[in-house]
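Read the structure below first, then the notes.
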Amino acid sequence: MSDIATGNPGSRLLLLGNEAIARGAIEAGVQVVAAYPGTPSSEIVETLAEVANENELGFYAEWSVNEKVSFELAAGAALTGVRSLAAMKGAGLNVVMDMFMTLPYTGTRGGLVVVVADDPGAHYSSNEQDSRFAALWAMLPCLEPESHQEAKGMIKAAFALSERTELPVVVRTGTRLSHSTGVVELGMVEPSDMLPGFNKHWNIPYRWNVYGPPGPVAKHAWQLDRMSLVQEESVGSSFNSLRRGSDPVAVIACGMGAAYAREAIRALDLEGRVWLYKIGMVYPVPEATSLEVLRSCERVLVVEDGDALVESQLRMLAQAHGLEVEITGKLFDSAFVRHGELDTGIVRNALAGFMGISLEGKEARR
């Protein structure tokens, strides 16, 4: 059996980002896995399918005929209390949108994690869509990892988060993380202790129907009520980190953008000067900590690979609370273009311009 499945807690492996995601599912005790292959997501289920039938694990994994089938298979299993994972590339999410938008009205019993691998730069895809906006539209928690270690940890945590909130959880990754390698320290396998079983009245009368009583409007109200709990989870997430600086200037970053931002800050000798706030749950952003940064700083640079999801939420927060902080990212007076992918050089150049630092005589690229 692969070391990804059998490795002892504390051991370290060099893994693809997709393999790290697979290990996170194993550590969460995943029981049902389904996907339709599509680069850059394919290795997730490829890895899991190789070890699914081993006695020590014994979970079900399949390549489905399309993304809709894979998502609905995983969703059906989650309704019975079984931890389930569906994986797809960004364009594949478009195929599942019917049930993706409906399922949150009833929620799930077991943990349901939807891994979506986007492709900034369109290396393998026909578009650069930012699938995080689908999570916003469906009002589902969305996590975005910065590193291989965090990818493993986020997947494992996402199953427990899904069960606490009774909602599917989206984990968005991208090509650079999915197809690069990094050192990952393995953790304990900690499956759910929830017993599988179907109860159509679990917590809510007629829980799993959409059109019967109490009806979709009441179930939409239930979903909206869950958002206060999701916001608490966002604020308390261990995947957020805040490093305060001496200047009233902040860099707020997420996903691979956070990795690029750390390197750019280091390269420009700005450590200790600028605030660095890394957000792990990108929807909804953690309001309490975000407001602390927005109130404490006069200027904010937002670094995210994709479109302006985090930046838009920060702008709404600032407006709602009457804050005059200057927010720069990909909207309006933008520091970044909205097409293509980021890299360290692009972020370094943008941060240098934002801070008024001359790069003359230094190697710079865009």
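The values are calculated or read from the model by the stated rules, or taken from the named source; none is laboratory data. Here the structure is a predicted model, which means the values were calculated and not measured. Here the Cβ positions follow ideal geometry from the backbone for every residue, glycine too, while neighbour counts run over all protein chains shown. Calculation scope for accessible area: heavy atoms of the full protein, side chains included, ligands and nucleic acids excluded. Shrake-Rupley method; radii C 1.70, N 1.55, O 1.52, S 1.80 Å.
Given a 1.4 Å probe and the protein chains as shown, W202 ends up with an accessible area of around 60 Å².
Comparing V184, L342, T6 along the charge dipole axis of the chain, the residue lying farthest to the positive side is L342, per the Cβ-charge model. Using only the alpha-carbon atoms, how far is helix 148-165 inclined from the longest principal axis of the chain? Give it as 0 to 90 degrees, nearest 10. In the chain, helix 148-165 runs at an angle near 60 degrees to the longest axis.
The angle between the Cα long axis of helix 309-320 and the main principal axis of the chain comes to about 70°, on a 0 to 90 degree scale. Here S312 sits with roughly 40 square angstrom of accessible surface, probe radius 1.4 Å.
Rounded to the nearest 20, the Cβ-based charge dipole of the chain about its Cα centre (Lys and Arg +1, Asp and Glu -1) stands at 500 debye.
Between exposed GluC sites (Glu not before Pro) in the chain, where DSSP calls loop and at most 15 other Cβ atoms lie within 10 Å, what's the longest gap? All intermediate terms of the calculation are to be shown ahead of the outcome.
On the way: sites that count: E54, E56, E271, E298, E324, E360, E363.
Maximal segment without exposed cleavage sites: 57-270.
Classify the range 186-254 as rounded, prolate or oblate, taking a ≥ b ≥ c as the square roots of the eigenvalues of its Cα gyration tensor: rounded when a/c is under 1.5, otherwise prolate if a/b is larger than b/c and oblate if not. It is oblate, given that a/c is not under 1.5 and a/b is not larger than b/c. In plain terms, the chain from L242 to N53 could stretch by 63.8 nm, reckoned as 0.36 nm per residue minus the Cα-Cα distance.
Of A122, A25, A74, which has the largest mean-square fluctuation in a 10 Å C-alpha GNM of the chain? In the Gaussian network model the winner is A122. Placing dummy labels 7 Å off each Cα toward the beta-carbon, the span from T102 to E263 is 4.4 nm.
Straight-line reach from K89: taking Cα to Cα under 12 Å and skipping same-chain neighbours fewer than 8 places apart, the aspartates and glutamates in range are E43, E67, D118, D119, E128, D130.
Using the 1.4 Å probe convention, the accessible area of the range 221-366 works out to 43 Å² per residue with neighbouring protein chains retained. Computed from the C-beta positions of V183 and A221 and an R0 of 41 Å, the FRET efficiency is 0.35 to the nearest 0.05. Counting only protein heavy atoms and using a 1.4 Å probe, the accessible area of S180 comes to about 40 Å².
Dipole orientation for the range 109-263: of the candidates M256, S162, G197, G197 has the Cα lying most toward the positive pole (charges on Cβ; Lys, Arg +1; Asp, Glu -1). Other residues with beta-carbon under 13 Å from the beta-carbon of V95 carry, at +1 per Lys or Arg and -1 per Asp or Glu, a net charge of -1. Accessible surface ranking for D247, D98, D193, 1.4 angstrom probe, highest first: D193, D98, D247.
Here the range 172-301 is assigned +1 on the Cβ of each Lys and Arg and -1 on the Cβ of each Asp and Glu. Its dipole about the Cα centre then comes out at about 340 debye.
What is the calculated FRET efficiency for I357 to R295, with r their C-beta to C-beta distance and R₀ = 25 Å, to the nearest 0.05?
Efficiency computed from Cβ-Cβ geometry: 0.50.
Here's the list of lysines a cross-link from K330 could span, going by alpha-carbon distance under 20 Å and ignoring same-chain residues fewer than 8 apart: K278.
Label the range 30-134 by shape, choosing from rounded, prolate and oblate, from the square roots a ≥ b ≥ c of the eigenvalues of the Cα gyration tensor; if a/c is under 1.5 it is rounded, and otherwise prolate applies when a/b is larger than b/c, oblate when it is not.
Working: a/c = 2.36, a/b = 1.24, b/c = 1.90.
In terms of gyration-tensor shape, oblate.
Rounded if a/c is under 1.5, else prolate if a/b is larger than b/c, else oblate: which is the range 78-158, with a ≥ b ≥ c the root eigenvalues of its Cα gyration tensor? Before the final figure, lay out each step's value.
On the way: a/c = 2.07, a/b = 1.27, b/c = 1.63.
Since a/c reaches 1.5 but b/c is at least a/b, the shape of the range 78-158 is classed as oblate.
Averaging the sequence gap over all C-alpha pairs within less than 8 Å and six or more residues apart, then dividing by the number of residues, gives the range 89-231 a relative contact order of 30 percent.
Can you give me the distance in nm between label points at T39 and E271, each placed 7 Å from the Cα along the Cα-to-Cβ direction? Each label point is offset 7 Å from its Cα along the Cβ direction, giving 3.6 nm.
Relative contact order of the chain, please, whole-number percent, based on alpha carbon pairs below 8 angstrom and at least 6 residues apart. Show your work: numbers first, answer last.
On the way: 771 pairs, mean separation 61.1, N = 366.
Taking the mean separation of contacting Cα pairs over the length of the chain, I get 17 percent.
Mean residue ellipticity, 222 nm, helices only, the chain: the sum of -39500 (n - 2.57) across DSSP H runs of n ≥ 4, divided by residue count and rounded to 500, is -12000 deg cm²/dmol. Each Lys and Arg Cβ is given +1 and each Asp and Glu Cβ -1; about its Cα centre, the range 245-341 then shows a dipole of about 80 debye.
Please state the relative contact order of the range 12-61 as a whole percent: Cα pairs under 8 Å, 6+ residues apart?
On the way: 40 pairs, mean separation 20.1, N = 50.
Across the range 12-61, relative contact order equals 40 percent.
Relative to the longest principal axis of the Cα atoms of the chain, the long axis of helix 17-27 lies at roughly 50 degrees. In a Gaussian network model over the chain where Cα atoms closer than 10 Å are linked, find which of Q231, Q319, Q129 has the largest mean-square fluctuation. In this elastic network of the chain, the residue with the biggest mean-square fluctuation among Q231, Q319, Q129 is Q319.
Connecting C-alpha atoms closer than 10 Å in a GNM of the chain, tell me which of P248, P214, P104 has the biggest fluctuation. In this elastic network of the chain, the residue with the biggest mean-square fluctuation among P248, P214, P104 is P214. Surface composition of the range 153-290: carbon plus sulfur atoms contribute 56% of the solvent-accessible area (1.4 Å probe, protein chains only, all chains present).
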